[in-house]
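Novice: Below are the structure tokens for one structure; questions will follow.
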Ligand code: SF4
Ligand code: SF4
């Protein structure tokens, strides 16, 4: 599979990457060997970019999948691993980096990011975490640093931050999940912000091309839209080998324009019998897709839910399930 240079970095990635979130405990919760097999299969099929996060608790799968692979810089075909951390302080980011290296069994990682940066003052509040990333890049322990975000404002801002190498924005043709300020943003606004990043030499890989599964019914249109924006890679959460096969064939231009895979939609369900109406999931959802209903319990607005699964682990009574 061809590889794209990630902006001004020395990192080359395949046009499709594997989002490792899907196999972890917020979504499919696969047993170790089964999840590792998905990661290994993607790599053997030619995919070289793997994105995870401290929050996803999926390092074990990656470590198991690549236990026999030379992960050093000497291996140009090594998997490129990207991780990220939600925390704000220098100390918490440092702990997250060291935890990542330890759990993956490596002494250097290609990409580390501030996770899910929201509109100001969220970025300013992360000054400590960002300084930590800068310092660890200087030490050679991280290859490139950046942010993941659903926000037009932050994507745009990153184009002007010289230390930022990588931007991981949310984009899909329908605009599902795009945020701007306190409200929704449009695809056109995010397109312009992404272009600004690309013009500034940032490496850009995109998330939610399928709007969390809601756009899988327009498979080719969804992928073509993001690819045509010039993003260096499209990160897709995949939990099945058939999904990987399809995306590899897409990256190699082997799919007909009317291709449509068999899809089964998964959804978040909130057990109203267990929910205690504590608001924790409402505050956690990055897409404002959970609300408290007339009975004082949590409910999901399926029109805007992106099936990211971020809400499930925060529920103290395990009332949130994805199936
Ligand atoms: S309701 Fe849960 S799965 Fe849906 S967008 Fe919000 S956090 Fe993600
Ligand atoms: S976190 Fe759990 S208990 Fe609290 S409101 Fe959400 S679903 Fe209900």
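The values are calculated or read from the model by the stated rules, or taken from the named source; none is laboratory data. Owing to the predicted nature of the structure, the values given are computational and were not obtained by experimental measurement. Positions of Cβ are backbone-derived with ideal geometry, glycine not excepted, and every protein chain shown enters the neighbour counts.
Novice: Mind listing whichever residues of segment 43-59 are within 26 Å of residue 246 (Cβ to Cβ), part of a helix (DSSP H, G or I), under 18 Å from the mean Cα position of the chain (by Cα) and at pLDDT 95 or above?
Specialist: Step one: of segment 43-59, the residues within 26 Å of residue 246 (Cβ to Cβ) are 43-53, 56, 58.
Applying the additional criterion that residues be part of a helix (DSSP H, G or I) yields 43-44, 56.
In the following step, the residues that additionally are under 18 Å from the mean Cα position of the chain (by Cα) were identified as 43, 56.
Across segment 43-59, the qualifying residue is only 43.
Novice: Let me ask something else. How many of the residues in segment 13-34 are without any contact (Cβ under 8 Å) to a residue 40 or more places away in the chain and on the phi < 0 side of the Ramachandran plot?
Specialist: Total satisfying the criteria: 5.
Novice: Sort out which residues of segment 271-290 are within 13 Å of ligand 2 (Cβ to nearest atom) and under 24 Å from the mean Cα position of the chain (by Cα), and write them in order of number.
Specialist: Hits for segment 271-290 are 280, 281, 282, 283, 284, 285, 289, 290.
Novice: Look through 153, 160, 102, 107 and report the one residue that is over 28 Å from residue 177 (Cα atoms), assigned by TED's automatic domain parsing to the domain that holds residue 181 and touching a residue at least 12 places away in the same chain (Cβ under 8 Å).
Specialist: From the options 153, 160, 102, 107, the qualifying one is 107.
Novice: Residues 106, 111, 23, 38: which one is surrounded by 15 or more Cβ atoms within 10 Å (Cβ to Cβ) and in contact with a strand residue (DSSP E or B) (Cβ under 6 Å, 6 or more places away or on another chain)?
Specialist: Of 106, 111, 23, 38, the one residue that is surrounded by 15 or more Cβ atoms within 10 Å (Cβ to Cβ) and in contact with a strand residue (DSSP E or B) (Cβ under 6 Å, 6 or more places away or on another chain) is 111.
Novice: Return the residues of segment 254-270 that are within 14 Å of ligand 2 (Cβ to nearest atom) and crowded, with 16+ Cβ neighbours inside 10 Å; say none if nothing qualifies.
Specialist: We begin by selecting, within segment 254-270, every residue within 14 Å of ligand 2 (Cβ to nearest atom); these are 268-270.
Listed by number, the residues that qualify are 268, 270.
Novice: Would you mind listing the strands (runs of 3 or more DSSP E) fully within segment 233-323 where at least 1 residues are within 15 Å of ligand 1 (Cβ to nearest atom) and closer than 28 Å to residue 31 by Cβ?
Specialist: Of the strands (runs of 3 or more DSSP E) lying wholly inside segment 233-323, those with at least 1 residues that are within 15 Å of ligand 1 (Cβ to nearest atom) and closer than 28 Å to residue 31 by Cβ span 233-237, 268-270, 298-300, 320-322.
Novice: Of all residues in segment 298-309, which are more than 9 Å from ligand 2 (Cβ to nearest atom) and either crowded, with 21+ Cβ neighbours inside 10 Å or in the same structural domain as residue 23 (by TED's automatic domain parsing) (or both)?
Specialist: Within segment 298-309, 305, 306, 307, 308, 309 qualify.
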